[in-house]
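Reading through the structure tokens given below for one structure.
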Amino acid sequence: MLSDEALETIVIVGGGTAGWMTAAALSRITANGRTKIRLIESDEIGTVGVGEATIPPINAFNQLLGIDENEFVAATQATFKLGIEFVDWLRPGHAYMHPFGEFGLDIEAVKFYQFWLKYSREQSIPPIEQFCMSAVAARQGKFLTPGADPRSVLSTLAYAFHFDATLYARYLRRLAEGRGVMRTEGKVVGTTLRGEDGFIDHVLLDSGEEIEGDLFIDCTGFRALLIGKALGVDYQDWTHWLPCDRAIAVPSHRRGDPIPYTKAMARPAGWQWRIPLQHRTGNGHVYSSEFMCDEEAERLLLETLDAEPAASPRQLRFTTGRRERFWEKNCVAIGLSAGFMEPLESTSIHLIQAGISKLIALMPDKSFARVEREEYNRLTAMQFEHIRDFLILHYKATEREDTGFWRYVRHMDIPDTLQRKMDLFCSKGRIFRFEDELFGESNWLAVMLGQGLRPRTWDPMVDTIEPQKALQTMQHIHRLMQDVASKMPTHQAYIDRYCAAEKLTV
Ligand code: FAD
């Protein structure tokens with residue numbers, strides 16, 4: 001039996017990736033027969049229309065929604081993503097892979113990478129990425145879903161997707177509407193707060209319709225119509241740590257078979273992404289307007305495409321940071337209205353997913369207990385800050401001094417939390433995951449090593465293992481991964497066989 005306090009109406013304002021992900025996930029709770037979900041979106045305003053690369057936790061979201069992977073990949077013109085290659089970040093001419101998945105196998109409970117740290121100084125040991133199944137497959141242009149057998153090295157492969165953001169929202173919309181979510185097309189032109197407690201009572205549409213609700217989800221993107229404009233929750237600006245504040249995005253025609261990873265190429269005042277999809281390639285130049293003008297940023301992007309542009313370039317402006325609070329009164333901000341960090345590690349869609357999971361875990365009733373709001377805000381703030389630190393690392397740990405932008409980021413002050421991580425690593429290569437942190441040991445390891453950090457020494461536990469045994473194990477893992485990858489289908493062959501999309505030209 002449902003309590004009288006159970007929510008009756010949840011109103012989602014916004015129909016971008018955030019709005020439809022939220023609607024699709026929350027539609028599962030409408031199975032109680034009482035809670036109705038309404039989503040309002042404005043065709044006139046439209047969506048941000050970017051956001052094409054994801055990280056492995058999206059697989060859990062797909063499972064939660066009961067999505068068939070092959071159908072989803074085909075419907076969104078998606079490809080598989082095994083990691084990100086960072087080009088020219090440490091110095092021009094240098095490249096490294098931040099792959100998904102773990103490195104090697106621990107030897108007698110001592111971290112695998114600790115052996116690599118020791119023996120790669122003394123002997124000719126392959127680069128660390130050659131001990132990660134996802135990286136080995138990525139470099140060979142191969143893909144296969146990981147097997148279920150935990151004894152097989154293939155089970156250590158981890159993956160996510162690149163997809164067309166517009167098709168993704170459309171796909172989720174079908175799913176959500178199929179589960180009873182009611183969509184209203186219209187523009188919200190006003191928000192009325194209740195006199196007694198300042199909670200949102202209803203929103204007013206340009207048609208004159210008033211839409212009431214118990215819980216409102218603000219998915220209005222950078223506009224932050226409810227959380228910012230109506231409820232006045234401030235925004236913390238992190239531009240001093242992450243100075244990029246603009247992006248120019250442009251699709252280009254596909255050239256050759258799609259690679260199973262994203263490319264992030266450093267540029268004089270920022271960086272450029274290249275995301276392969278089935279029907280086209282997504283490109284964008286993220287830059288700091290302090291250090292580069294828009295015309296120069298666009299020229300550089302167009303000059304460095306690997307094929308002809310398929311549409312006109314589009315500019316986007318943003319302020320890196322987060323809301324002071326994400327859940328205020330009866331309103332929860334999910335998506336760009338909650339905050340934004342540049343897409344260097346493809347974390348925004350994940351933050352949407354994480355927001356939804358926490359909301360489901362802390363689903364309120366009409367009493368809106370303060371403790372639940374506070375916990376949501378505490379956990380979300382922590383998640384934003386962990387990701388922020390991880391992104392700053394890419395800029396701070398560089399040898400580049402060749403432009404004003406790189407000199408600035410190399411010498412800027414950084415948060416104490418990040419300094420501590422870097423100091424711990426530079427001492428004996430130790431990495432600790434903070435509470436509920438998204439990026440784990442292997443992520444930090446890949447980027448810290450890739451960005452040129454080297455520990456002074458290694459964990460003394462390494463010296464308790466016979467060198468012969470350690471070296472043989474390393475050699476075995478290396479050979480095994482190369483061998484397994486060589487037998488995998490190419491990324492294109494896998495797509496052709498299981499999840500080819502309708503042929504579209506852009
Ligand atoms: P939007 O897409 O802006 O949607 C807002 C919605 O609110 C729209 O439906 C709009 O019509 C509606 N709306 C607004 N005002 C009103 C109103 N008054 N009345 C009614 N409706 C209204 N994320 C990743 O995970 N990976 C990436 O690779 C990635 N790349 C990115 C690159 C760039 C340059 C940028 C800027 C972002 C990127 N992101 C990426 C982030 C990602 O695009 C967003 O997190 C995601 O699209 C969610 O956006 P949203 O739904 O919050 O906002």
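The values are calculated or read from the model by the stated rules, or taken from the named source; none is laboratory data. In this text the structure is predicted, and so the values were computed from the model without any measurement. We place every Cβ from the backbone using ideal geometry, glycine too, and count neighbours over all the protein chains shown.
Just one of the listed residues (L445, L391) is within 16 Å of the ligand (Cβ to nearest atom), of a type in the set (A, V, I, L, M, F, W, C) and either farther than 25 Å from L117 by Cα or in contact (Cβ under 8 Å) with a residue 60 or more places away in the chain (or both), namely L391. The criterion of at least 1 residues that are outside the structural domain of I58 (by TED's automatic domain parsing) and acidic (D, E) is met by the following helices (runs of 4 or more DSSP H) wholly inside the stretch 394-478: 416-428, 441-450. The strands (runs of 3 or more DSSP E) found entirely in the stretch 185-242 that carry 2 or more residues being under 29 Å from the mean Cα position of the chain (by Cα) and within 12 Å of the ligand (Cβ to nearest atom) are 215-218. The selection criterion, being within 18 Å of F86 (Cα to Cα) and out of contact with any helix residue (DSSP H, G or I) (no Cβ under 9 Å at 6 or more places or on another chain), holds for S346. On the stretch given as the stretch 17-51, residues that are part of a strand (DSSP E or B), out of contact with any Cys (no Cβ under 9 Å at 6 or more places or on another chain) and near the ligand (Cβ under 9 Å from one of its atoms) total 1. Restricting attention to the stretch 257-279, the residues that are surrounded by fewer than 22 Cβ atoms within 10 Å (Cβ to Cβ) and either farther than 30 Å from R410 by Cβ or aromatic (F, W, Y) (or both) total 2.
Note on the stretch 349-369: residues that are in contact (Cβ under 8 Å) with a residue 60 or more places away in the chain, of a type in the set (A, V, I, L, M, F, W, C), within 15 Å of the ligand (Cβ to nearest atom) and more than 16 Å from F216 (Cβ to Cβ) amount to 3. Tell me the residue from E308, E303 that is charged (D, E, K, R), more than 16 Å from the ligand (Cβ to nearest atom) and without any contact (Cβ under 8 Å) to a residue 40 or more places away in the chain, please. So the residue among E308, E303 that is charged (D, E, K, R), more than 16 Å from the ligand (Cβ to nearest atom) and without any contact (Cβ under 8 Å) to a residue 40 or more places away in the chain is E303.
Whether a residue is over 28 Å from L215 (Cβ atoms), within 22 Å of the chain's Cα centre (by Cα) and more than 16 Å from the ligand (Cβ to nearest atom) was assessed, and A109 does not pass this test.
For (1) touching a strand residue (DSSP E or B) at 6+ places or on another chain (Cβ under 9 Å); (2) surrounded by fewer than 23 Cβ atoms within 10 Å (Cβ to Cβ); (3) farther than 30 Å from A500 by Cα, each residue gets a yes or a no:
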| residue | (1), (2), (3) |
| --- | --- |
| D294 | yes, yes, yes |
| A307 | yes, yes, no |
| A310 | yes, yes, no |
| R323 | yes, no, yes |
| F326 | yes, no, yes |
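A single entry from A137, A95, A160, A78 fulfils the requirement of being modelled with pLDDT of 95 or more, out of contact with any helix residue (DSSP H, G or I) (no Cβ under 8 Å at 6 or more places or on another chain) and hydrophobic (A, V, I, L, M, F, W, C): A95.
For the stretch 52-68, indicate whether the set of residues that are more than 14 Å from the ligand (Cβ to nearest atom), touching a His at 6+ places or on another chain (Cβ under 8 Å) and closer than 15 Å to T145 by Cβ is non-empty. No. Listed here are the helices (runs of 4 or more DSSP H) enclosed by the stretch 101-184 that have at least 3 residues being surrounded by 15 or more Cβ atoms within 10 Å (Cβ to Cβ) and in the same structural domain as L65 (by TED's automatic domain parsing): 165-178. Per the listing R274, R280, the residue uniquely closer than 12 Å to E52 by Cβ, of a type in the set (D, E, K, R) and within 14 Å of the ligand (Cβ to nearest atom) is R274.
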